[in-house]
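**Student:** This is the structure, below, for whatever I ask next.
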Amino acid sequence: MKIFNIGNIKTILEKNGSVKGLVTKRDINIRECRYIFKHIFYINILDKCDLGDNEEYKEYNEEIVGALNRWIHGETDDNYIMEFACDCEDETLGLFNLLPLLVYLNKIGVI
């Protein structure tokens with residue numbers, strides 16, 4: 001059994017009252033984003049040796065960071081994140097990935 005202490009979480013709501021996304025204190029950076037994809041979502045994303053040069057690697061990182069930040073704010077859906085998955089494109093993130101994500105975001109001071 002694992003216990004998650006997620007604390008208080010502020011959310012962005014739709015007009016009908018349903019949760020749209022999270023209120024954040026700051027955006028996630030590249031290092032945090034790559035950690036979330038690999039260790040929380042278990043999504044294999046491209047790394048430096050998969051891409052041709054440093055500029056392409058930089059652009060790819062900016063793209064995944066932007067995608068994750070938009071997803072956290074509720075501006076996109078799970079499918080947008082899963083487009084970056086190299087090995088499981090038909091999967092969904094699932095609700096149970098949200099708990100460890102919330103703990104991590106709280107720990108690093110994003111929420």
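**Student:** 5 Å is the cut-off here: which amide hydrogens, built 1.01 Å from N in the peptide plane, fall below it relative to GLY21, excluding neighbours closer than 5 in sequence?
**Tutor:** Amide H to amide H, under 5 Å and 5 or more residues apart or across chains, GLY21 pairs with ILE12.
**Student:** Which whole-Hz couplings ³J(HN,Hα) result when phi for each residue of segment 104-111 is put into the Karplus expression 6.51 cos²θ - 1.76 cosθ + 1.60, θ = phi - 60°, listed in order with x for Gly and Pro?
**Tutor:** Ordered by residue, 3J(HN,Hα) equals 5, 4, 5, 4, 8, x, 7, 10 Hz.
**Student:** Using a Förster distance of 41 angstrom, determine the FRET efficiency expected from the C-beta separation of CYS49 and LEU13, and round it to 0.05.
**Tutor:** For CYS49 and LEU13, the calculated efficiency is 0.45.
**Student:** While we're on this one: So how far apart, in nm, are the two label points at ASN29 and HIS73 if each is 7 Å from Cα heading toward Cβ?
**Tutor:** 1.9 nm
**Student:** Considering the dipole of segment 30-107 built from charges on the beta carbon (Lys and Arg +1, Asp and Glu -1) around the Cα centre, which of LEU51, PHE37, THR76 is farthest to its positive end?
**Tutor:** Of the listed residues, the answer is PHE37.
**Student:** For the chain, give the magnitude of the charge dipole about the Cα centre (Cβ charges: +1 Lys/Arg, -1 Asp/Glu; no others), in debye to the nearest 20.
**Tutor:** 1000 debye
**Student:** Additional query: Taking 0.36 nm per residue of separation and subtracting the Cα-Cα distance, what length does fully extending ILE6 through GLU59 add?
**Tutor:** Net length gain for the segment: 15.8 nm.
**Student:** Please work out which option in [x] 1.10; [y] 0.99; [z] 1.25 gives Cα Rg over 2.2 N^0.38 Å calculated from these coordinates, and answer with its label.
**Tutor:** Answer by label: [x].
**Student:** Let me ask something else about it. Contour minus end-to-end for ASN106 and TYR42, with contour as 0.36 nm per residue of separation and end-to-end as the Cα-Cα distance?
**Tutor:** Between ASN106 and TYR42, full extension yields 21.1 nm more.
**Student:** Taking Cα atoms, how many degrees apart are the long axis of helix 54-72 and the longest axis of the chain, rounded to 10 and kept between 0 and 90?
**Tutor:** The answer is roughly 20 degrees.
Bear in mind that the values in this text are calculations on the coordinates, not laboratory data. What you are looking at is a predicted structure, and each value in this text was computed from that prediction instead of being measured. Glycine also receives a Cβ, built like all others from the backbone with ideal geometry; neighbour counts cover every protein chain displayed.
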